[in-house]
Amino acid sequence: MIQELTKTQFTVLADNLDNPKGLCFDSDGNLYVTEAGIGGNGISIPAASGQGNLHYGTTGAVTKIEIGSQNSKPQRVITGLPSVAFADGTGAAGPHDIKFDSNGSAYVLLGYAANPEFRHVLGDTELGKLVKVDFNTNSWSSIADIADYELLNNPDGNDIVSNPLAFIIDEEETLQNLLIADAGANDILSVCTEGNNLKAKAVIPSQVLTNPIFPGSGALNFDKGHTPPPGAYSDTRTSQITIAPVPTSIVKGLDKAYYISTFTGFPFPEGEAKIYRIDADDQITVFADGFTQLIDLAFDAEGNLYALQHMNQSGWKGKNEGSLIKIAPDGTRTTLLSGEGLEAPAALVIGKDNAFYLINRGGRPGKGQVIRIEK
């Protein structure tokens with residue numbers, strides 16, 4: 001029987017990170033974390049939520065953690081990446097995810113969290129794009145423009161917003177081996193590593209809420225980047241609303257299908273987040289449901305799927321406790337960790353040592369952590 005983990009089993013590998021979002025190991029077992037940054041003092045653009053402006057800067061970074069080295073300290077190996085955030089450094093979008101291909105080349109996905117129509121005012125920026133990075137020269141080159149695809153195509157037919165959040169490199173696929181989850185556009189895109197043939201692979205369906213629960217007067221505005229201003233939900237008599245799914249991660253299973261987690265849009269209803277499955281024919285079905293604010297997924301070698309909840313309750317309730325949940329191949333669920341120091345986690349990866357590596361306190365300027373938990 002799996003015993004519940006406790007926070008005494010945490011090992012903090014990195015601390016004081018600026019809005020960390022994604023994790024990945026390289027072939028040598030080093031761990032890399034993307035920091036979305038804190039924006040800056042540059043030109044601003046309106047946030048998609050309508051709650052103010054996002055300010056531009058070059059505070060995004062990638063940090064390397066040498067696992068197993070006793071004397072090594074986390075170090076930033078790429079700096080100066082673009083970032084936007086509110087003036088206090090919250091609501092940041094910038095470097096969101098990182099992956100390595102079989103040749104050791106590194107790719108970084110940059111978020112945006114706004115309407116792509118406004119991006120040009122920021123100048124020549126890689127926000128909303130997938131880039132290939134060179135650690136030796138602290139440089140990068142654009143591979144695919146995800147935000148521009150949303151502007152030109154808008155696959156889900158709803159508000160034009162792009163916020164690329166997570167991706168995988170699937171080298172079993174010969175033509176489409178990069179798959180990207182756009183949390184703003186609510187779709188999954190595919191593209192070659194050379195950047196050609198960018199297209200929508202799947203649109204994650206919206207869902208209808210019956211008798212939705214809205215924030216009250218004392219609610220915490222935990223995410224003003226994605227939460228509308230109070231006037232937008234002052235009338236709580238609405239019996240049904242349609243909300244966006246907000247896809248947050250994509251992984252590939254032993255069955256060769258893709259699995260996508262959803263966060264759900266405002267008002268972030270409890271128990272309504274789902275895991276979708278996309279089969280070889282690009283048919284999308286619900287694999288598992290009943291979750292709250294899912295942020296990441298990971299498979300182990302035995303086919304167990306691990307789901308990470310950013311928060312166990314609607315974020316505006318002010319409770320930051322998250323959960324790590326195991327879903328066995330037969331569908332059995334086991335909560336491995338809930339709360340006990342797990343606060344607003346943002347990413348999950350399983351190491352070669354079979355331990356869990358997580359981003360803890362994700363989305364917080366100067367407060368983010370990378371932690372290790374024994375499996």
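Cα centroid separation, the range 266-291 to the range 322-364: 18 Å.
In the range 71-86, whose amide N lies under 15 Å from the spot 7 Å out along Cα-to-Cβ of Asp28? List them in ranges. Counting backbone N atoms under 15 Å from the label point, the list is 71-78. In this structure, Glu302 and Thr210 have a Cβ-Cβ separation that, at R0 = 56 Å, corresponds to a calculated FRET efficiency of about 0.90.
Rounded to the nearest Hz, the phi-derived 3J(HN,Hα) couplings of the range 66-78 under the Karplus curve 6.51 cos²θ - 1.76 cosθ + 1.60 (θ = phi - 60°) are 7, 6, x, 8, 6, 9, 6, 10, x, 9, 6, 9, 9, where x marks glycine and proline. Annotation note: GluC sites (Glu not before Pro) in the range 320-375 located in DSSP loop regions with a Cβ neighbour count of at most 14 within 10 Å are Glu374.
Excluding Gly128 itself, what net charge comes from residues whose Cβ is under 11 Å from its Cβ, given Lys and Arg +1 and Asp and Glu -1? Don't jump to the answer; show the numbers that get you there.
Values: positive: Arg119, Lys129; negative: Glu126, Asp145, Asp148, Glu150, Asp182.
The answer is -3.
With contacts taken as Cα pairs under 8 Å and at least 6 residues apart, the range 123-174 reaches a relative contact order of 29 percent. A dipole drawn for the chain from +1 and -1 charges on Cβ atoms has a positive end, and of Trp140, Ile213, Ile98 the residue lying farthest that way is Ile213. With the Kirkwood sum run over all distinct C-alpha pairs, the chain has a hydrodynamic radius of 20.4 Å.
Can you compute the helix-only [θ] at 222 nm over the chain? Use -39500 (n - 2.57) per DSSP H run of at least 4 residues, normalise by all residues, nearest 500 deg cm²/dmol.
Details: 1 runs with 8 residues, N = 375.
Result for the chain: -500 deg cm²/dmol, rounded to the nearest 500.
Taking the 1.4 Å solvent-accessible surface of the chain as the whole, the part contributed by carbon and sulfur is 45%.
Students often check this: by mean Cβ neighbours within 10 Å, which of 159-170, 268-279, 82-93 ranks highest, and how do the rest follow?
Descending packing order for the listed peptides: 82-93, 159-170, 268-279.
Taking every protein chain into account, the accessible area of the chain amounts to 42 square angstrom per residue (probe 1.4 Å). For the chain, what relative contact order do you get, as a whole percent, if you take Cα pairs closer than 8 Å and at least 6 residues apart? So the answer I get is 15 percent.
Take the alpha carbon gyration tensor of the range 252-348, find the square roots of its eigenvalues, order them as a ≥ b ≥ c, and report rounded if a/c is under 1.5; if not, report prolate when a/b exceeds b/c, else oblate. Judged from the Cα gyration tensor, the range 252-348 comes out oblate (a/c at least 1.5, b/c at or above a/b). Based on C-alpha pairs under 8 angstrom that are at least 6 apart in sequence, the range 228-374 has a relative contact order of 13 percent. By the rule of a C-alpha distance below 27 Å, with chain neighbours fewer than 8 residues away ignored, the lysines paired with Lys199 are Lys21, Lys99, Lys129, Lys132, Lys252, Lys256, Lys274. When the Cα convex hull of the range 241-286 is projected onto planes of every orientation, the mean area is 3.5 nm².
Between Ala114 and Ser162, the built amide H atoms are under 5 Å apart, and every one of these is 5 or more places off in sequence or on another chain. When the chain is treated as a Gaussian network with alpha carbon springs shorter than 10 Å, the biggest mean-square fluctuation among Val62, Val208, Val12 belongs to Val208.
Could you give the length gained by full extension between Ser102 and Ser338, i.e. 0.36 nm per residue of separation minus their alpha carbon distance, to one decimal place? Walk me through the intermediate numbers first.
Working: separation 236, 0.36 × 236 = 84.96 nm, distance 3.49 nm.
Once the chain is fully extended between Ser102 and Ser338, it gains 81.5 nm.
Net charge of the neighbourhood of Ser206, taken over other residues with C-beta under 13 Å away and scored Lys/Arg +1, Asp/Glu -1, is -3. Working from label points 7 Å from Cα in the Cα-to-Cβ sense, the Asp170 to Ala280 distance is 1.2 nm.
The values are calculated or read from the model by the stated rules, or taken from the named source; none is laboratory data. From a predicted model like this one, the values you see are computed outputs, not experimental measurements. For neighbour counting, all protein chains shown are included, and Cβ atoms are generated from backbone atoms with ideal geometry for every residue, glycine included. Side chains included, ligands, DNA and RNA excluded: accessible areas come from the protein's heavy atoms. Shrake-Rupley method; radii C 1.70, N 1.55, O 1.52, S 1.80 Å.
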